[in-house]
Every structure is written in C-alpha cells, then in structure tokens.
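What follows is a short report on a single structure.
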Amino acid sequence: MKFTSRMKMARFQTLWIQMRKNQLLAESHKTGQTSGTKMTFYAFFETGNEAYKSGRYTEAVENYTSALSCSVESRPFAAICFCNRAAAYRALGQISDAIADCSLAIALDPSYLKAISRRANLYEMIRDYGEAAKDLRRLVSSLTSQMDKANELRQTQLQLYKIEEESKKEIPLNMYLILGVESTAAASEVKKAYRKAALKHHPDKAALLVSRSDNGDDGLWKEISENVRRDADRLFKMIGEAYAVLSNPSKVI
C-alpha cells in the first residue's frame with residue numbers, strides 16, 4: 001500500500017509540474033515573453049527527479065539545489081523540492097541533511113503529509129523515537145479526516161504503536177548516523193564531520209534557505225520563520241550532542 005501511495009504522489013507531482021509549465025507557456029504567448037527563471041526551475045527539478053530515479057543521488061541533490069536557488073513562486077512547490085532532496089540525501093546516508101530538508105518542507109507546507117511521514121522515518125532511523133512519534137501523531141490526526149486514506153491510517157497507527165513501544169526502552173540516539181560517519185571513524189573524521197554539519201545547519205543560516213517569494217501575509221511568514229528556526233535549533237543541538245559523545249571515548253556505547 002505504501003508503494004501505491006508513492007505512485008499516486010508521483011503522478012500528482014508530474015501533473016502539477018506540467019500544469020504549471022503549461023500556464024507559464026500560455027502566459028508567454030500572451031505577453032510575448034517567457035519566464036526564463038521559472039522554466040529553469042522546472043528544468044532543474046525534472047533533471048533532479050530523473051537523476052534520483054536512476055540512482056544518481058549526488059546529481060539529484062545538485063539539481064534540486066539549483067532549482068531551489070531560482071525564484072520559486074509557490075511555497076507548496078518549494079516544499080516538494082525540499083522533500084525530494086531529502087530523499088536523495090537519505091539515499092546518500094546524509095540523514096541530518098535529510099531531516100533538515102523535511103523540516104523546511106513542513107514549515108513551508110504544514111499539510112504536506114509526505115514530508116511529515118519521511119521525517120518520522122528519518123527520526124526512527126537515528127532512534128529519536130520521541131520526535132518520530134510526534135510526527136506520526138500529526139499524520140494520524142490528518143489522515144483521520146480523510147475517508148480515502150483508511151489503509152494508510154491503519155499503517156501509520158501501527159507504526160506509531162511500534163515507535164511508542166521503542167521509546168519506552170530509552171535507547172540512545174544513533175550518534176554515528178547523525179554525523180554521517182562509520183562506527184570505525186577516527187577522531188579526526190568525527191571532528192571534520194561535526195564541523196561540516198554544525199556550519200551547514202547553524203540556526204542562523206536556516207531561515208536564509210526559505211525565501212519569501214509569494215504574496216503571503218506577514219503573519220504567515222513570521223510563523224514559517226519561527227518554525228524553521230525551532231527545527232534548525234533542535235537539529236543543531238542534536239549534532240552537538242552527537243559530537244560530544246563520539247569525541248569522548250568514555251561516553252561511546
């Protein structure tokens with residue numbers, strides 16, 4: 001059933017992209033001009049999708065990043081781009097990067113269930129069962145009101161039950177996965193990975209990744225900014241905690 005849900009979302013994304021491209025082309029015929037920036041965005045996005053499907057995950061990340069560097073006219077569409085890049089990061093084993101992108105997607109589009117589900121799975125991977133449970137409860141709440149999501153709702157409820165049982169065991173976080181290093185990594189490798197992650201995910205930089213590009217009101221963008229900052233701050237502290245543990249042999253389990 002998860003495969004069916006992914007197929008439906010993929011079809012939706014494809015149709016949505018084509019619809020927007022057709023709208024841009026129609027506008028260009030009326031005005032005699034083509035929005036090159038927007039068309040470039042879609043070109044990068046589609047190239048990223050093709051690279052991901054072919055297993056070229058680094059190339060996919062590069063193209064999604066290029067797409068996001070363009071002027072994105074829609075918050076929901078930017079959210080899709082962040083969420084897709086998160087999938088590529090996950091495939092590369094860069095879990096903290098994937099979590100950060102899912103958080104950005106959710107901040108831009110709080111109703112984006114795919115991003116919420118993906119982040120829950122990422123939290124489960126690093127054994128942060130408390131945060132995974134929060135996302136799954138959010139999913140359950142949203143799916144409960146959707147009559148055509150009965151099977152997905154049951155699956156999510158089962159996953160939530162399993163996560164809540166795991167959280168009772170008080171299992172430590174997977175610090176190696178958070179920093180993206182092997183359990184055999186030397187101290188120098190751990191330090192290098194920490195510095196790179198801390199620089200990339202500093203909370204002060206997070207808000208810069210989400211540009212105000214539509215006509216949303218000030219209150220909406222203030223809320224988005226606050227959510228981005230909150231999630232980035234939590235991830236930054238987690239990265240710091242991972243380094244504190246892995247750089248101290250007496251704390252490593």
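The values are calculated or read from the model by the stated rules, or taken from the named source; none is laboratory data. None of these values were measured; they are calculated from a predicted model. FYI the Cβ positions are ideal-geometry reconstructions off the backbone, even for glycines, and counts take in every protein chain you see.
Out of region 90-105, which residues are free of Cβ contacts under 8 Å to residues at least 40 places away in the same chain, more than 20 Å from ASN227 (Cβ to Cβ) and not charged (D, E, K, R)?
ALA91, LEU92
Filter region 147-160 for residues that are over 12 Å from LEU113 (Cα atoms), of a type outside the set (Asp, Glu) and without any contact (Cβ under 8 Å) to a residue 12 or more places away in the chain and give the result.
Scanning region 147-160 gives MET147, ALA150, ARG154, LEU158.
Just the residues that are assigned to a helix (DSSP H, G or I), among the basic types (Lys, Arg) and more than 21 Å from the chain's Cα centre (by Cα), please, taken from region 134-177.
If the condition is that a residue be assigned to a helix (DSSP H, G or I), among the basic types (Lys, Arg) and more than 21 Å from the chain's Cα centre (by Cα), then LYS149, ARG154, LYS162 are the ones that fit.
Which of the residues spanning region 156-181 are farther than 25 Å from GLN94 by Cβ and buried (at least 17 other Cβ atoms within 10 Å of the Cβ)?
Within region 156-181, THR156, LEU160 meet the criteria.
Under 9 Å by Cβ, and 6 or more places apart or on different chains, what pairs join a residue from region 225-253 that is of a type in the set (Asp, Glu) with one that is assigned to a helix (DSSP H, G or I) and modelled with pLDDT under 90?
Cβ pairs passing all conditions: ASP231/ALA206; ASP233/ALA206.
Taking region 63-116 as the search range and keeping residues that are over 11 Å from the mean Cα position of the chain (by Cα) and acidic (Asp, Glu), which one is nearest to MET238 (Cα to Cα)?
ASP109
Being in a helix (DSSP H, G or I), of a type in the set (A, V, I, L, M, F, W, C) and either within 16 Å of SER247 (Cβ to Cβ) or without any contact (Cβ under 8 Å) to a residue 24 or more places away in the chain (or both) is the filter here; which residues of region 178-206 pass it?
ILE178, LEU179, ALA187, VAL190, ALA193, ALA197, ALA198, LEU199
Look through region 119-137, keep the residues that are without any contact (Cβ under 8 Å) to a residue 40 or more places away in the chain, among the basic types (Lys, Arg) and surrounded by fewer than 23 Cβ atoms within 10 Å (Cβ to Cβ), and return whichever of them is farthest from ASN174 (Cα to Cα).
ARG137
Sort out which residues of region 109-133 are among the aliphatic types (A, V, I, L, M) and either farther than 14 Å from GLN159 by Cβ or not in a helix (DSSP H, G or I) (or both), and write them in order of number.
ALA115, ILE126
Can you find a residue in region 245-253 that is out of contact with any Asp or Glu (no Cβ under 8 Å at 6 or more places or on another chain), at pLDDT 90 or above and not β-branched (Val, Ile, Thr)?
yes
So which residues in region 69-98 are basic (Lys, Arg) and modelled with pLDDT of 85 or more?
ARG85, ARG90 - these are the residues of region 69-98 that are basic (Lys, Arg) and modelled with pLDDT of 85 or more.
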